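First up is the structure itself, then whatever we jot down about it.
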Amino acid sequence: MAFPPAFLDELNARNPIEDVVGQYVQLTRRGSNLFGLCPFHSEKTGSFSVSPDKQIYYCFGCKAGGSVIQFVMDIEHLEFVDAVKRLAEQVHLE
């Protein structure tokens, strides 16, 4: 199933990455980015970074990274279409 670029743009705009990631990870602001413990591997010091300006996440430990859609795919073990549907439902976007 293909999604129009305008739909995906709207989906990303309505789902700020810091809000979505913040549902799973306790984030602390350091400068313009947010940091926390990576949800994808075990660690004691936060190497997981979220950039609200760029709307991406990246873990310097396990190298996981991507957009808000990729985060939902990784954290919930979903395919692309299902991750898009989940994010659309959260913001009541059809």
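The values are calculated or read from the model by the stated rules, or taken from the named source; none is laboratory data. Fair warning: this is a prediction, and the values are worked out from it, not measured in the lab. Because the Cβ atoms are built from the backbone with ideal geometry, glycine has one as well, and the counts that use them run over all protein chains shown. Side chains included, ligands, DNA and RNA excluded: accessible areas come from the protein's heavy atoms. Shrake-Rupley method; radii C 1.70, N 1.55, O 1.52, S 1.80 Å.
Working only within the range 61-87, note down all residues that are in contact with a strand residue (DSSP E or B) (Cβ under 7 Å, 6 or more places away or on another chain) and either more than 11 Å from Val21 (Cα to Cα) or of a type in the set (Ser, Thr, Tyr) (or both).
Filtering the range 61-87 for residues in contact with a strand residue (DSSP E or B) (Cβ under 7 Å, 6 or more places away or on another chain) gives 65-67, 71.
Correct list: Gly65, Gly66, Ser67.
Would you be able to tell me the number of residues in the range 4-29 that are under 19 Å from Met73 (Cβ atoms), surrounded by fewer than 14 Cβ atoms within 10 Å (Cβ to Cβ) and more than 13 Å from the chain's Cα centre (by Cα)?
Residues flagged as under 19 Å from Met73 (Cβ atoms), surrounded by fewer than 14 Cβ atoms within 10 Å (Cβ to Cβ) and more than 13 Å from the chain's Cα centre (by Cα) within the range 4-29 amount to 2.
Could you go through the range 25-47 and let me know if any residue there is touching a residue at least 40 places away in the same chain (Cβ under 8 Å) and either touching a strand residue (DSSP E or B) at 6+ places or on another chain (Cβ under 8 Å) or under 15 Å from Gln90 (Cβ atoms) (or both). Spell out how you get there, then give the answer.
Applying the first criterion (touching a residue at least 40 places away in the same chain (Cβ under 8 Å)) to the range 25-47 yields none.
Within the range 25-47 (the criterion being touching a residue at least 40 places away in the same chain (Cβ under 8 Å) and either touching a strand residue (DSSP E or B) at 6+ places or on another chain (Cβ under 8 Å) or under 15 Å from Gln90 (Cβ atoms) (or both)), the answer is no, since none of the residues qualifies.
Would you be able to tell me the number of residues in the range 66-87 that are open to solvent by 20 Å² or more (accessible area, probe 1.4 Å), assigned to a helix (DSSP H, G or I) and without any contact (Cβ under 8 Å) to a residue 60 or more places away in the chain? Even if it seems obvious, please write down each step before you answer.
Step one: list which residues in the range 66-87 are open to solvent by 20 Å² or more (accessible area, probe 1.4 Å), which gives 66-67, 70, 73-82, 85-86.
Right, trim to assigned to a helix (DSSP H, G or I) and you get 70, 73-76, 80-82, 85-86.
Now drop any that are not without any contact (Cβ under 8 Å) to a residue 60 or more places away in the chain, which leaves 70, 73-76, 80, 82, 85-86.
The qualifying residues number 9.
Which residues, taken from the range 40-94, are within 19 Å of Ala2 (Cβ to Cβ), among the hydrophobic types (A, V, I, L, M, F, W, C) and more than 11 Å from the chain's Cα centre (by Cα)?
Leu78, Phe80, Val81, Val84, Ala88, Leu93
Looking at Phe7, Phe3, which one is modelled with pLDDT under 95 and assigned to a helix (DSSP H, G or I)? Lay out the reasoning, then the answer.
On the way: Phe3 fails: assigned to a helix (DSSP H, G or I).
Exactly one residue qualifies, and that residue is Phe7.
Ser32 - would you say it is more than 19 Å from Lys85 (Cα to Cα), over 11 Å from the mean Cα position of the chain (by Cα) and open to solvent by 40 Å² or more (accessible area, probe 1.4 Å)? If you could, list the steps in order and put the result at the bottom.
Working: more than 19 Å from Lys85 (Cα to Cα): yes; over 11 Å from the mean Cα position of the chain (by Cα): yes; open to solvent by 40 Å² or more (accessible area, probe 1.4 Å): yes.
Judged against the criteria, Ser32 is a match.
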